[in-house]
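*Asks:* I'd like to ask you about the structure that follows.
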């Protein structure tokens with residue numbers, strides 16, 4: 001029986017250690033050949049991580065700005081869509097109700113009142129829209145529908161205007177309710193969100209709440225028109241015609257204010273797009289700089305990889321001869 005000496009064992013351990021080292025080198029060179037980047041970052045930067053750390057930090061900040069900009073763009077776009085839906089649901093109602101010819105008969109006033117009711121309900125629904133799980137018009141209360149349902153609001157308005165005997169008195173009562181009770185009874189959202197930080201010194205306001213003056217004016221005009229379908233000033237044809245025309249004027253005013261609001265949002269969208277383009281360009285430049293620091297010669301890595309693989313094959317042959325066994329047995 002052949003004996004195993006300490007020298008034999010030392011030689012075996014040395015061969016195994018060398019094999020492990022070569023296998024690790026193959027893995028490193030394979031990665032560098034495929035990616036073109038140094039597998040050992042410390043070796044690539046010579047132990048000085050200052051520049052690389054600065055680049056990595058800048059990229060992290062830009063990625064955070066990008067996330068905020070994407071969310072701001074999503075919310076702004078969603079808000080614009082909701083406002084466009086409100087425009088669509090209202091259509092030419094303001095013009096029709098403010099036109100004496102269109103309110104010349106009791107039946108025409110009744111019809112316009114029903115149309116105003118439908119537009120009011122659709123507007124409340126649009127204002128309760130959410131995008132990406134976040135309420136658009138609820139401010140900081142992102143998980144809450146900002147407005148009570150249309151029936152609840154109209155019920156409160158019927159109670160508030162119950163004592164009105166003329167169109168003028170009813171309009172005043174509606175104005176008072178929106179000024180004092182709207183936020184307590186109808187609005188369930190929070191304060192306006194803080195501007196989104198989308199750059200080192202760039203802030204973008206993407207939040208519009210249902211308490212915005214343009215929104216309130218729209219709801220006010222539609223509510224006055226909708227009250228015509230709720231029995232307001234019943235039996236007083238002239239007063240109901242007057243109320244219809246007052247509602248039409250309020251709706252038109254709300255339309256003008258919504259147009260201004262959408263223009264402001266559009267300007268913000270344009271500025272946000274420019275910021276996103278600039279941030280993307282900066283990310284590309286920083287990634288190129290990082291690649292320059294960590295890049296390796298893929299051809300050289302491939303040559304060294306082939307040489308290392310040859311060394312492994314030679315090691316297997318030497319080991320087999322020293323052990324007096326086949327390469328298959330060794331493996």
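*Asks:* Report the far tail of the P(r) of the range 66-287, meaning the percent of Cα-Cα pairs longer than 30 Å.
*Replies:* 30
*Asks:* Order of 165-173, 282-290 by packing, highest average Cβ count within 10 Å first?
*Replies:* Averaged packing, sorted descending, gives the order 165-173, 282-290.
*Asks:* Run a plain Debye calculation on the range 54-123 (Cα atoms as equal point scatterers, no solvent) and give log10 I(q)/I(0) at q = 0.21 Å⁻¹, rounded to two decimals, same order as the q list.
*Replies:* Per q value, in the given order, log10 I(q)/I(0) is -0.88.
Any read-out appearing in this document is the output of simple, stated calculations on the displayed coordinates, not a laboratory observation. This is a predicted model, so every value here is computed, not measured. Cβ atoms come from the backbone with ideal geometry, glycine included; neighbour counts cover every protein chain shown.
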